1. Can you give the net charge of the other residues whose Cβ lies under 12 Å from the Cβ of D173, counting K and R as +1 and D and E as -1?
2. Taking a probe of 1.4 angstrom, what is the accessible area of L336 in Å², to the nearest 10?
3. Counting Lys +1, Arg +1, Asp -1, Glu -1, what net charge surrounds R257 among other residues with beta carbon under 14 Å of its beta carbon?
4. Mind jotting down the three principal axis lengths of the stretch 233-342 based on Cα atoms? Whole angstrom, largest first.
5. So what's the convex hull volume per residue for the Cα atoms of the stretch 161-257, in Å³?
6. So, for the stretch 207-246, what is the accessible surface per residue at a probe of 1.4 Å, expressed in square angstrom?
7. Out of the total accessible area of the stretch 179-259 (probe 1.4 Å, heavy atoms of protein only), what percent is carbon and sulfur?
8. Can you match Rg and Dmax of the Cα atoms in Å to one of these, [x] 21.4, 71; [y] 30.6, 120; [z] 27.3, 94, based on a calculation from the structure here?
Amino acid sequence: MPRRSDEMHDSTPGATASRSTIADVARVAGVSKATVSRFLNRRDELLTRDIAARVEAAIAELGYSPSPMAQALKRGRTRLIGLVVADVTNPFSVAVLRGAEQACQEAGYLVMLFNLGNQAARELEAIEALSSYQVEGFILNTLGSDPAALAAATRLGKPVVLVDRRHAGMQSDFVSLDNAGAVQLAAGHLADQGHGELLFISEPTAGVSSRQERAHAFQAFLAAHAGSDGQLQGSLFECDEQHSQALDMALLAARQRAGARRLGVLASNAVVTLRVAAALARLGWHFGEELGFVGFDETEWAPHVGPGLSAIAQPTGDLGRIAARCLLERLQGHQLPPRQTLLPGRLIVRGSSRKV
């Protein structure tokens, strides 16, 4: 927890210039600490020219610089925004951070980041840690599974904007990809390219709204397009990093179900895309040959894997910027009902999903 500047520095005579305090300035100028404070807070009109000049000279002599945090706390404003992300190793989180940081910086705010590392038990810790730095509001991209953390965020009475993941019972602005539309776009492309057996691969969906929305949208797509002839079928598989063999078996089973039809795979995010790539390497398969493929999240490496990976590009930078702007509007006193902003995804077609 940052402390006030006069608590952070050594006030003994002979202290170096970088460690000077208000007390040192007052002593050298021959005035009270209150007088120095008035000068620092630009209340020079309360001081005579002689006293103001003495304080200014003492500050220059000692090289005194007040703590920005201490000054902010005195004003009741820190201009800090707390951003909590579920997993900073996920390219989505990094891109959202960049967008939010840019918007905040343009408005004169700084972003403080807390990475959960996909550990739901740390959500309350994140809220409390950022609160200790007097952040003025929160942008949350968390798992949302800890009621105590959500209660703490609400109890603080500071504005909250949710990104990508909804929190049941929390009435806050929400910014996300249009998951249903994006799944429709990806699955529809695979079907149009002649893939009659579809496999949707996701990280565990329990308690994560965005994963659930994509899984439900995939199931809805199958129900709407399967038809009586049964030419389009599909299934959903949840995978985690500890059970790579299970992913291999799921791919083999889907290929067997496909028979003469082509197998199309849809990965729910970039993390899953990497797991699928590793599974294909173990199986000796290739993107665009044994299976067609579309993955959520456009990454820097997607064009360079195999024939190039088709992807749903999320407007991640825009998500971060819009979330930050929503929060800044709340901080400026705008009283609005909770808003929901859903942005469309963009399909980028490469060799992994094209007809052979």
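The values are calculated or read from the model by the stated rules, or taken from the named source; none is laboratory data. Source: prediction; values computed, not measured. Reconstructed Cβ throughout: ideal geometry from the backbone, glycine too, with neighbour counts over all protein chains shown. When the accessible area is computed, the model is the full protein with side chains, heavy atoms only, and any ligands, DNA or RNA have been set aside. Shrake-Rupley method; radii C 1.70, N 1.55, O 1.52, S 1.80 Å.
1. In short, +3.
2. Approximately 70 Å² for this residue.
3. +1
4. Each principal axis gives a Cα extent; for the stretch 233-342 these are 60, 28, 27 Å.
5. Values: hull volume 10.8 nm³, N = 97.
Hull volume over Cα atoms, normalised by residue count, gives 111 Å³.
6. I get 57 Å² per residue for this part.
7. Working: 1850 of 3720 Å².
With neighbouring chains kept in place, the figure for the stretch 179-259 is 50 percent.
8. After the calculation, the listed value that fits is [z].
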